[in-house]
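The values are calculated or read from the model by the stated rules, or taken from the named source; none is laboratory data. Keep in mind that what you see is a predicted model, and the values were worked out from it rather than measured. Note that we place each Cβ from the backbone using ideal geometry, even for glycine, and neighbour counts take in every protein chain shown. Keep in mind that these areas ignore ligands, DNA and RNA; they rest on the heavy atoms of the full protein, side chains included. Shrake-Rupley method; radii C 1.70, N 1.55, O 1.52, S 1.80 Å.
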Amino acid sequence: MTTPTAPPSAPASGDICLRQILADGAVFAQAAGQTARTYFRQHNAVEFKEDESPVTVIDQRIEQELKQAIAAKYPMDGIFGEESGVDGGLDGNLWVIDPIDGTRSFISGNPLFGMLLAYVQNGLPVAGIISMPMLDELYCGSPGQGATCNGEPINVSGQREIDDCTLYINEGEKLIAEHPDRLSRLLKAGKTRRFGYDCYPHALLAAGHIDAVVDYDLKPYDYLALTSVISAAGGIMTDWQGNPLDLSSDGAVVAAATPELHQSLLAVLNG
């Protein structure tokens, strides 16, 4: 007699919702990527904001296209864009947009700029997308549901030892100006070190190609998508004190493949 087996349990409604969020977000991101590709290396006009960060009409166009697409399907959700601020409220369900993460890369013809889209519930990131338009790579993740690159599962490296890790250090010129002692210690950590910028080192971490990233002076639209994808891939990303990231974090972050490596990097950062 065959022993009956129970049918597979149905996914929780929240899981279904987040899967749909990621699916729709991927569609939004792919459309935004096409716009970015159209204008890349076209000598677009550049303006500079009060903080001296550059912005182009392409940043603004992509953000408006994303806002329109999101609002059409999720009219009750808030939307927070880097260039145009908040539509709706910051409480509850919120989409967070960085239309071109790495505008300096974009305007200088460097293809390693990205587009970031995060989904936040009650102030906490629960899903994220990292789009690399010129590389044709799309990273999606929600903690508890796994992470993918172009639909294929990805995982962090599993590296535990700081002496053997590959470490990327972003925003080096800001660190040498404002945290020279920390930077000096970081430059003695790891087996291989590289300076970098923007979101791509974090994507490489999520995909297991590198082991850790230290970043600085980020805004919520810079880090919220990253922490979701990295967490979904099995890694950890916090501020420099080890606190989880949310809308109010200070923008100094450290990401690592494992808790052990993360703790070692916190020790380096905090002396």
Could you count how many residues in the range 92-125 are assigned to a loop (DSSP other than H, G, I, E, B) and open to solvent by 20 Å² or more (accessible area, probe 1.4 Å)?
6
Residue identified as charged (D, E, K, R) and modelled with pLDDT of 95 or more among ASP101, ASP91:
ASP101
Do we have any residue at all in the range 47-57 that's at pLDDT below 85 and surrounded by 17 or more Cβ atoms within 10 Å (Cβ to Cβ)?
yes
I'm told ARG182 meets every condition in (1) in contact with a helix residue (DSSP H, G or I) (Cβ under 6 Å, 6 or more places away or on another chain); (2) under 29 Å from ARG19 (Cα atoms); (3) open to solvent by 20 Å² or more (accessible area, probe 1.4 Å) except one. Can you identify the failing condition by its number?
(2)
Per the list (1) modelled with pLDDT under 95; (2) in contact with a Pro (Cβ under 9 Å, 6 or more places away or on another chain); (3) surrounded by 14 or more Cβ atoms within 10 Å (Cβ to Cβ); (4) part of a helix (DSSP H, G or I), residue check on CYS17 breaks on (2)
Which ones in the range 115-167 are of a type in the set (S, T, N, Q) and either on the phi < 0 side of the Ramachandran plot or touching a residue at least 60 places away in the same chain (Cβ under 8 Å) (or both)?
GLN121, SER131, SER142, GLN145, THR148, ASN155, SER157, GLN159, THR166
Can you list residue pairs whose Cβ atoms sit under 8 Å apart, with the first residue in the range 180-193 being at pLDDT 95 or above and the second being open to solvent by 50 Å² or more (accessible area, probe 1.4 Å) and assigned to a loop (DSSP other than H, G, I, E, B)? Count only pairs 6 or more apart in sequence or on different chains.
ASP181/GLY271; ARG182/GLY271; ARG185/GLY271; ARG193/LEU187
All-but-one check, ILE176 against (1) hydrophobic (A, V, I, L, M, F, W, C); (2) open to solvent by 50 Å² or more (accessible area, probe 1.4 Å); (3) in contact (Cβ under 8 Å) with a residue 40 or more places away in the chain, failing number (3)
Given (1) buried (at least 22 other Cβ atoms within 10 Å of the Cβ); (2) touching a residue at least 60 places away in the same chain (Cβ under 8 Å); (3) small (Gly, Ala, Ser), ALA212 misses just (2)
